[in-house]
Every structure is written in C-alpha cells, then in structure tokens.
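Worksheet: the structure to be examined is printed underneath.
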Amino acid sequence: MEVETTALAGLVILTPRRFGDARGFFAETWNRARFAGATGVDPDFVQDNHSLSATAGTLRGLHYQAPPHGQGKLVRCGRGALFDVAVDIRRGSPTYGQWAGVELTAENGRQLWVPEGFAHGFVTRAPETEIVYKCTGYYAPEAEGALRWDSAGIDWDLTCDPILSNKDAEAPVLAEIDSPFEWSET
C-alpha cells in the first residue's frame, strides 16, 4: 500500500496495490493491520456507506458529525470519478480552515482517510459516480454539522454551477461555525 501524507495532520491518501490481468484486477481495499502499520491509526469501522450521484457536477458536503458521534471515514470511488476534499475544523489546529483534496477514480484506486475533526465533501467528475466509505461512528442525525461548500477557499475546478441539496446550499460558512472539535497533537 502506498501512503501519502498531506499538509493537514492526520489526513492521508492511500493507494492499495492492484493485481491485474486480462480479466481485470484484484485489490485489497481494507486490511486493519496494514492500515495501522502504514498510518499509526487503528480505526474501528462500524458502518459502510455507498452513494450514487447520477450527474457530473454533483457536490455533496461539506459534512461532519459532532462528538460524541464523530466519524472518521475511509473514502474511495467505486465507479466514475470525484474530487474528494477535507477541511480542518479542529479549533486550535495550526491548519484550521485549510483544505486538501484528491482525485479519486475507479481506475486509480486511491483512498482518502478523513479523521474526526474534518469536514468532508466531494464533487463528481463523471456521470453515475459511486462513492464508497467506511465510518468509525454510526450515523447520528442529531450530531450532523455542515459548512458551506464555497466558504473555505476550495478550488473545486468547476466548469458550471454545482448541483447541491438545499441543506448543503444553506449550510453556514466556515467563519460562522462553532466547531465541536479541539486540536490535539496526539
């Protein structure tokens, strides 16, 4: 597994090895021991999610769940292509408000580890794009939080206005959120 660190502490890009031949490929997308060895993190995943966006330019996010229902996410693209983004919203973090993004495609097999303390979102680059992700916490609607997609200086590389849910379009801007996350160097 190839591991790339980002400028945001804790946010990691992973590329599992693929073994291919004329039939296609095989890849081990999750292995607890390898993940822990490569990242120093040993998450306890409790839920898997799978989302389909029919139209290119669909933007979902930026979402988070507040403690004690926080979620770490291991995100990958099952079909199509997307630009996946995380914004550091840990109060006191030296990178608070900064973002990092990575192209995830079915072809490149890359994954993004998004720990608690980050808002997460993505925009689809191809029609019929599927995102698949493992979560360390169960979905808890009472703990949902969001920040508006255009309030953190993210370069989404959009060629038209994104397709948004009403909830995402009306989310508060980064400067107005009272983040429930605290920075810790451990």
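The values are calculated or read from the model by the stated rules, or taken from the named source; none is laboratory data. Predicted model, so just to flag it, every value in this text is computed and none were measured. Every residue, glycine as well, gets a Cβ built from its backbone with ideal geometry; the counts of neighbours run over all protein chains shown. Heads up: the accessible areas ignore ligands, DNA and RNA and are worked out on the full protein's heavy atoms, side chains in. Shrake-Rupley method; radii C 1.70, N 1.55, O 1.52, S 1.80 Å.
What number, in percent, do you get for the relative contact order of the range 17-79 if the mean sequence gap of Cα pairs under 8 Å and at least 6 apart is divided by its residue count?
14 percent
Select one label from (1) 1.00; (2) 1.25; (3) 1.04: the one whose number is Cα Rg over 2.2 N^0.38 Å as derived from the coordinates shown.
(1)
Helix-only mean residue ellipticity at 222 nm, the chain, DSSP H runs n ≥ 4 weighted -39,500 (n - 2.57), per residue, nearest 500. What is it?
For the chain, the value works out to -1500 deg cm²/dmol.
Find the accessible area per residue for the range 68-154; the probe is 1.4 Å, ligands and nucleic acids are left out, and the unit is Å².
36 Å²
Which is the longest part of the chain that has none of the trypsin sites (Lys or Arg not before Pro) sitting in a DSSP loop with at most 12 other Cβ atoms within 10 Å?
24-186
Take every DSSP beta bridge whose two residues both sit in the chain, then give the antiparallel share in percent to the nearest 5.
The answer is about 95 percent antiparallel.
May I ask you to give the percent of accessible area on the range 47-186 that is carbon plus sulfur, with a probe radius of 1.4 Å?
The C+S portion of the solvent-accessible surface of the range 47-186 is 48 percent.
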